[in-house]
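Everything on this sheet refers to the single structure shown next.
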Amino acid sequence: MATFKIDLHMHTCVSKDGITHPADVVRIAKSRGLDRICITDHNQIDGALAAKKIDPEFVIVGEEILTARGDEILAFFVSEWVPPRLPHHEVLARLKGQGAVISVSHPFDRHRNRPWTEELLESLLPRLDAIEAFNARTIHAADNLRAAEFAARHNLPVTAGSDAHTGREIGAAYLQLPAFATAAEFKAALPAATVHGRLSPAWIHLFSTVNKWRGKFGLKPRLR
């Protein structure tokens, strides 16, 4: 059976803390042996759409959406932009309405925004398709392990990604799963997926701060 290696969490220069132009994301990802990527910029889809124009089969449009509570939802196969700071139910309804596949970004990472609680995640289980169980930018391996154990307890598939904000991080973590062509096929393949990768060094987060300053001074790549 044919399988795909897919990094399901990465950022372009469209994210305020990202630096890599969509064209370079595609080029680097292919050089790392990935078969598919999902670009999940913070609260934006322009970078993903630009990359998809370059290679429609290789790129999946995604989005990492900040909720009103301050935690984040990770969506794949997004066709319509979902704005940030909406309540959970509104974010999930908009994503379900467009047929997106829904995961949750680094749910128990103690250093990111506002971590999820298990009680809150449990209340949303009927509307979630997966849990991100390995994020390469998570500093403490125990936080990823907790996410994986939560998913296993609730019989949810897992996703994995580099959470790359620089080109050097792309492919640091990925899923290997049966080949797919559509969102429905991707969702059906997730239970058979295996997680691969390594944690990035903690200092990699410094680049996010540097990238924000680059953006303020107009030193980041532009889509056009």
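The values are calculated or read from the model by the stated rules, or taken from the named source; none is laboratory data. In this text, all values refer to a predicted model and were calculated from it rather than measured experimentally. Neighbour counts run over all protein chains shown; Cβ positions are idealised from the backbone, glycine included. Note: accessible area is taken over every heavy atom of the protein model, side chains too, but ligands, DNA and RNA are not part of it. Shrake-Rupley method; radii C 1.70, N 1.55, O 1.52, S 1.80 Å.
May I ask you to verify whether residue 198 is surrounded by 15 or more Cβ atoms within 10 Å (Cβ to Cβ) and within 23 Å of residue 28 (Cα to Cα)?
Values: surrounded by 15 or more Cβ atoms within 10 Å (Cβ to Cβ): no; within 23 Å of residue 28 (Cα to Cα): yes.
Here the answer is no, as residue 198 does not meet what is asked.
Only one of 206, 219 is without any contact (Cβ under 8 Å) to a residue 24 or more places away in the chain, of a type in the set (A, V, I, L, M, F, W, C), assigned to a loop (DSSP other than H, G, I, E, B) and surrounded by fewer than 16 Cβ atoms within 10 Å (Cβ to Cβ); which? Write out each step before concluding.
Details: 206 fails: assigned to a loop (DSSP other than H, G, I, E, B).
Testing whether each residue is without any contact (Cβ under 8 Å) to a residue 24 or more places away in the chain, of a type in the set (A, V, I, L, M, F, W, C), assigned to a loop (DSSP other than H, G, I, E, B) and surrounded by fewer than 16 Cβ atoms within 10 Å (Cβ to Cβ) leaves just 219.
Any idea which of (1) surrounded by fewer than 24 Cβ atoms within 10 Å (Cβ to Cβ); (2) touching an Asp or Glu at 6+ places or on another chain (Cβ under 7 Å) is the one residue 63 doesn't satisfy?
Exception for residue 63: condition (1).
Hey, can you tell me all the residues within region 14-43 that are in contact with a Gly (Cβ under 9 Å, 6 or more places away or on another chain), open to solvent by 10 Å² or more (accessible area, probe 1.4 Å), of a type outside the set (D, E, K, R) and part of a loop (DSSP other than H, G, I, E, B)?
Correct list: 14, 19, 20, 21, 33, 34.
Hey, does region 163-171 have a residue that's among the acidic types (Asp, Glu) and either touching an Asp or Glu at 6+ places or on another chain (Cβ under 9 Å) or exposed (fewer than 15 other Cβ atoms within 10 Å of the Cβ) (or both)? Show your work before the answer.
Of all residues in region 163-171, those among the acidic types (Asp, Glu) come to 163, 169.
Subsequent filtering for residues that are either touching an Asp or Glu at 6+ places or on another chain (Cβ under 9 Å) or exposed (fewer than 15 other Cβ atoms within 10 Å of the Cβ) (or both) retains 163, 169.
Yes, region 163-171 has at least one match.
Quick one: is residue 92 touching a Lys or Arg at 6+ places or on another chain (Cβ under 6 Å), surrounded by fewer than 24 Cβ atoms within 10 Å (Cβ to Cβ) and more than 24 Å from residue 204 (Cα to Cα)?
On the way: touching a Lys or Arg at 6+ places or on another chain (Cβ under 6 Å): yes; surrounded by fewer than 24 Cβ atoms within 10 Å (Cβ to Cβ): yes; more than 24 Å from residue 204 (Cα to Cα): yes.
So residue 92 passes the test.
If you check residue 112 against the conditions, is it open to solvent by 30 Å² or more (accessible area, probe 1.4 Å), in a loop (DSSP other than H, G, I, E, B) and under 26 Å from residue 82 (Cα atoms)? Full working, then the answer.
Details: open to solvent by 30 Å² or more (accessible area, probe 1.4 Å): yes; in a loop (DSSP other than H, G, I, E, B): yes; under 26 Å from residue 82 (Cα atoms): yes.
Yes: the conditions hold for residue 112.
Within region 185-203, how many residues are of a type outside the set (Lys, Arg), in contact (Cβ under 8 Å) with a residue 12 or more places away in the chain and closer than 24 Å to residue 99 by Cβ? Write out each step before concluding.
Start the filter on region 185-203 by keeping residues that are of a type outside the set (Lys, Arg), which leaves 185-186, 188-197, 199-203.
Then drop every residue that is not in contact (Cβ under 8 Å) with a residue 12 or more places away in the chain, which leaves 186, 189-197, 199-200, 202.
Checking which are closer than 24 Å to residue 99 by Cβ leaves us with 186, 189-193.
Summing the residues that are of a type outside the set (Lys, Arg), in contact (Cβ under 8 Å) with a residue 12 or more places away in the chain and closer than 24 Å to residue 99 by Cβ in region 185-203 gives 6.
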